[in-house]
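Engineer: A single structure is presented below for examination.
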Amino acid sequence: MSVNSLGRLLRVTTWGESHGPAIGAVVDGCPPGLALSEADIQPWLDRRRPGQSRHTTQRREPDAVRILSGTFEGKTTGTPISLMIENVDARSKDYAGIAGAYRPGHADLVYDAKYGVRDWRGGGRSSARETAARVAAGAIARLVVPDVRISGYVVELGGDAIDRAGFDPAAIDANPFFCPDPAAAERWERLLDAARKDGNSLGAVVECVASGVPAGWGAPVYGKLDADLAAAMVSINAVKGVEIGDGFAAARASGRENADEMRQGADGRPRFLANHSGGVIGGIATGQDVIVRVAFKPTSSISSPLATVEREGSETEIRTTGRHDPCVAIRGAPVVEAMMALVLADQALLHRAQCGERR
């Protein structure tokens, strides 16, 4: 059974391993006639690319994407779009010392338990390297929903949250943390420097907002927009929690506090006075901003010694060497954006298939 695919009408399958020759994705179900070239995809990959600051892994990958199929004369044909990104800076020898032991927090043990074989070179298929293929596919999904604006940014790192009063959208791409609060970004530099010096890592929370999602996308019960979003976000490496709208804070509010009250708008449509629901009610978009927050655990690969066991059963200590992100969530922001785009594009096509262009 293959579980490497996401989506129903816009279906994405990623392939490849961290230290294999290449990684990539196949995007099937993309409507024909959309203008598409490598130049439309590359800027999104460049935002996620490693080695751009001392706060990310120093693996030097250009992440140059190639379109192998699915386009003709610069436009999509409606056939599967195959994308490939070569791995050019893998250093498998860095992992030779841990080939026989399971790294705590990594998928080493569970992959071995499931398949009886484990690719120890950088984690193989379980590596965050796989997310580059998601970002490439997400660039195509954005073309399917051109009127939707998607923005992802880090709102908390190592337990230190941004000040919402200092939220500056222009700051998101002006610092290495995708942080909308310049003051928080300065604090986070010190936090990560200290964690790295201590042989440790930190977790973080990424928030993603999609504006321009029309009311009606999504479906009741088993096709809920928020259910698809939650599943897509949890599929990202190192993600351990997802909130839609107020999320867990809604459980601590009263019904009166949590209600998204309405008035009649000047355009004749209902106007919401709040958005505690995160733009989704009953699994269907309300027309407000769709808001998702994603919790990333600390990077499991750290240089501090940790207790573990060898594959044959003996106890030992392990220290992971190599090049790793001290906070994987930093480069996770573009990945969260990509997953938002993929889910929304799929839901847009599903809505059109059942309901036509009805708004």
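Engineer: Could you grab me the full set of residues in the range 188-234 that are closer than 23 Å to Thr299 by Cβ, of a type in the set (A, V, I, L, M, F, W, C) and open to solvent by less than 40 Å² (accessible area, probe 1.4 Å)?
Structural biologist: Once the filter is applied, which keeps residues that are closer than 23 Å to Thr299 by Cβ, of a type in the set (A, V, I, L, M, F, W, C) and open to solvent by less than 40 Å² (accessible area, probe 1.4 Å), the range 188-234 yields Trp188, Leu192, Ala195, Leu202, Ala204, Val205, Val206, Cys208, Ala230, Ala232, Met233.
Engineer: Go through the range 127-186 and give me each residue that's surrounded by fewer than 17 Cβ atoms within 10 Å (Cβ to Cβ), touching a residue at least 60 places away in the same chain (Cβ under 8 Å) and touching a Gly at 6+ places or on another chain (Cβ under 7 Å).
Structural biologist: Within the range 127-186, Asp147, Arg149 meet the criteria.
Engineer: Of the residues Arg8, Arg54, Arg66, which single one is assigned to a loop (DSSP other than H, G, I, E, B), modelled with pLDDT of 95 or more, in contact with a helix residue (DSSP H, G or I) (Cβ under 9 Å, 6 or more places away or on another chain) and open to solvent by 70 Å² or more (accessible area, probe 1.4 Å)? Can you show your working first?
Structural biologist: Details: Arg54 fails: modelled with pLDDT of 95 or more; Arg66 fails: assigned to a loop (DSSP other than H, G, I, E, B).
The conditions single out Arg8.
Engineer: Between a residue in the range 297-312 that is free of Cβ contacts under 8 Å to residues at least 60 places away in the same chain and any residue that is surrounded by fewer than 15 Cβ atoms within 10 Å (Cβ to Cβ), which pairs come within a Cβ distance under 7 Å, given they are 6 or more apart or on different chains?
Structural biologist: Pro305/Glu317; Pro305/Arg319
Engineer: OK, next. Being closer than 27 Å to Phe177 by Cα, touching a helix residue (DSSP H, G or I) at 6+ places or on another chain (Cβ under 8 Å), surrounded by 14 or more Cβ atoms within 10 Å (Cβ to Cβ) and modelled with pLDDT of 95 or more: is that true of Trp15 here? Explain how you work it out, then say what you get.
Structural biologist: Details: closer than 27 Å to Phe177 by Cα: no; touching a helix residue (DSSP H, G or I) at 6+ places or on another chain (Cβ under 8 Å): yes; surrounded by 14 or more Cβ atoms within 10 Å (Cβ to Cβ): yes; modelled with pLDDT of 95 or more: yes.
Taking the combined requirement at face value, the residue does not satisfy it.
Engineer: On the given criteria, is Asp119 closer than 27 Å to Ala338 by Cβ, open to solvent by 30 Å² or more (accessible area, probe 1.4 Å) and in contact (Cβ under 8 Å) with a residue 40 or more places away in the chain? Spell out how you get there, then give the answer.
Structural biologist: Numbers: closer than 27 Å to Ala338 by Cβ: yes; open to solvent by 30 Å² or more (accessible area, probe 1.4 Å): yes; in contact (Cβ under 8 Å) with a residue 40 or more places away in the chain: yes.
When the stated conditions are applied, Asp119 passes them.
Engineer: Continuing with the same structure: Any residue in the range 262-283 that is basic (Lys, Arg) sitting within a Cβ distance under 9 Å of a residue that is surrounded by 11 or more Cβ atoms within 10 Å (Cβ to Cβ)? List the pairs, counting only those 6 or more apart or interchain.
Structural biologist: Arg263/Pro270; Arg263/Arg271; Arg263/Phe272; Arg269/Ala215; Arg269/Gly287; Arg271/Met262
Engineer: Could you tell me whether Pro214 is in contact with a Gly (Cβ under 8 Å, 6 or more places away or on another chain), under 27 Å from Ala35 (Cβ atoms), outside any strand (DSSP E or B) and not hydrophobic (A, V, I, L, M, F, W, C)? Walk me through how you get there before you give the answer.
Structural biologist: Numbers: in contact with a Gly (Cβ under 8 Å, 6 or more places away or on another chain): yes; under 27 Å from Ala35 (Cβ atoms): yes; outside any strand (DSSP E or B): yes; not hydrophobic (A, V, I, L, M, F, W, C): yes.
Yes; evaluated as a whole, the condition is true for this residue.
The values are calculated or read from the model by the stated rules, or taken from the named source; none is laboratory data. This one's a predicted model, so the numbers in the text were calculated from it and none came from an experiment. Please note: Cβ atoms are built from the backbone with ideal geometry, for glycine as well, and neighbour counts cover all protein chains shown. Heavy atoms of the whole protein, side chains included, go into the accessibility calculation; ligands, DNA and RNA do not. Shrake-Rupley method; radii C 1.70, N 1.55, O 1.52, S 1.80 Å.
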